[in-house]
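Working notes, structure below.
The values are calculated or read from the model by the stated rules, or taken from the named source; none is laboratory data. As the structure is a prediction and not an experimental result, all values here were calculated from the model. Ideal geometry is used to build each Cβ from the backbone, glycine not excepted, and the neighbour counts take in all protein chains shown. Calculation scope for accessible area: heavy atoms of the full protein, side chains included, ligands and nucleic acids excluded. Shrake-Rupley method; radii C 1.70, N 1.55, O 1.52, S 1.80 Å.
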Amino acid sequence: MSAERPRTLKTVTGAGGTSETYDLAIDPTRSTLDTAVRVAKLAEAARIDALFTADLLSFGAQGPIGSQEPLVFVSALSQVTSRIGLIATVSTTFHHPYNLARLFGTLDHVSNGRAAWNLVTSSIGEENFGPGDLPGPEERYARAAETLEVVNALWDSWEPGALTVGADGKAVLHHDRVHPIDHSGPFFTVAGPLNIPPLPQRRPVQMQAGQSEAGQALGARYAEIVFTSLPTLDIAVDFTRKIRSRAERFGRAAGLPLIFSSLHATYGSTEEEARRLVREKRESIDFERGRTQVADMLGGGVDLSEVPLDSKLPESLLPDITSVNRRRGRVDIFTGYARQGYTLRELIVAAQDTGHWAAAGTPEQLADAVEERFRAGILDVITLSGLADPQQHDFAVNGLLHELRKRKIVAPDYTGTTLRENLGLELPARVPAPARV
Ligand SMILES: Cc1cc2nc3c(=O)[nH]c(=O)nc-3n(C[C@H](O)[C@H](O)[C@H](O)COP(=O)(O)O)c2cc1C
């Protein structure tokens, strides 16, 4: 983190890429980008730091038709914006590091230094990348770590001055300043160098999502930002303390990785209105369908069909975390709730936010909740959602964001030209070129 600048909270909003797909299906004359372009421009006008795309590689995972491919989607948005960051979620389990280095490298070039990668290891989608089952978490995270070693070495494989401008104005490549990486590991053999010139940011901003033990170890070692589900203050304090002390052991700078939490906000013009909206949401819950949602949050292997709604879950029904193959982070959160004595009904209510932080109130009250976490050092990046909807936009931008700026928690404007500069992130040390014999 750049020492001279006071710490401020960074902001992110969803880039879309999901609902737009419906538009195309419903009205082929409309470009799938209409809404996303409008949101991107609203977000940039509000000086929001970045646009975010999630991604799941399976039909039906994000609604009946899935979502657009994040890198292609944000590359298109890079051409209708000039300052806002572009975060693409991409899985290391189903991509090769040489392609990832080129894809994010090119996004950084076409956006003039606004690329960020939200690394995930995927918990579903193996049916589309057969043959074979989803590798276990240990293997998925080992592959992710090796992937990062490879892409970082590739992004660093051109020394400064490798490319100069000749007297004729044409580019001159100094081969002695471009190095192979000669990587050979359990998953990959990659000679390198990278075949695209040095990135405006040298490296895209590195994010990571996945908060199991293995996920935290990866995030502590490599991530500049970790995207997390931290539904309660206690969970947020515990997670931040653990991942920061781990990062310190890896010699990372203080304050890294930044803690990015998605906030599921329910806004009201008055406290009463917000309470009413929460009540209505709760009254609309299908508690029978909720049994499946909680079973999914518990790793999918438990049958809750016989558990009375107002009963606690017996310990015998709670999974052993080492037997969970898909999302251990979420299972940690929901077994924690069950052990705290939540009834099945309370677990179903919590599952509506899939383990994310949910808060309700007026923009001022939500600003209080955000300020509490920011001042406690357990929140560095927050989501502001729903900008496609005029009322939500008004609450999020003219309400909450305005209030956070009034309290000098969020900066009034962009401070740099690249995403890294806007986030105040220093460049990690360069991977040295392998010694040539
Ligand atoms: C807040 C959060 C958001 C995530 N978003 C995605 C996503 O968009 N796509 C995806 O494939 N996985 C996503 N994941 C899950 C990751 O793929 C993760 O690497 C994997 O499921 C294992 O997670 P775990 O370390 O929590 O067990 C997300 C995880 C978290 C905590």
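Checking each residue in the stretch 250-285 for being aromatic (Phe, Trp, Tyr) and open to solvent by 70 Å² or more (accessible area, probe 1.4 Å) picks out only Phe250. Within the stretch 132-160, being open to solvent by 40 Å² or more (accessible area, probe 1.4 Å) and part of a loop (DSSP other than H, G, I, E, B) holds for Gly132, Asp133, Glu159, Pro160. Would you confirm whether or not the stretch 289-312 contains a residue that is open to solvent by 80 Å² or more (accessible area, probe 1.4 Å), touching a residue at least 12 places away in the same chain (Cβ under 8 Å) and in contact with a strand residue (DSSP E or B) (Cβ under 8 Å, 6 or more places away or on another chain)? Within the stretch 289-312, one or more residues are open to solvent by 80 Å² or more (accessible area, probe 1.4 Å), touching a residue at least 12 places away in the same chain (Cβ under 8 Å) and in contact with a strand residue (DSSP E or B) (Cβ under 8 Å, 6 or more places away or on another chain).
If the condition is being within 11 Å of the ligand (Cβ to nearest atom) and farther than 21 Å from Glu138 by Cα, then the stretch 81-101 contributes Ile87, Ala88. Scanning the stretch 197-255 for residues that are out of contact with any strand residue (DSSP E or B) (no Cβ under 8 Å at 6 or more places or on another chain), small (Gly, Ala, Ser), in contact (Cβ under 8 Å) with a residue 24 or more places away in the chain and more than 12 Å from the ligand (Cβ to nearest atom) turns up Ala220, Ala247, Ala253, Ala254, Gly255.
Quick one: would you say Thr335 is under 23 Å from Ala209 (Cβ atoms), in contact with a Lys or Arg (Cβ under 9 Å, 6 or more places away or on another chain) and within 16 Å of the ligand (Cβ to nearest atom)? Here the answer is no, as Thr335 does not meet what is asked.
May I ask you to list the residues in the stretch 338-358 that are among the hydrophobic types (A, V, I, L, M, F, W, C) and more than 16 Å from the ligand (Cβ to nearest atom)? Result: Ala338, Leu344, Leu347, Ile348, Val349. Flag: Glu149 does not match the condition of being acidic (Asp, Glu) and either within 16 Å of the ligand (Cβ to nearest atom) or modelled with pLDDT under 95 (or both).
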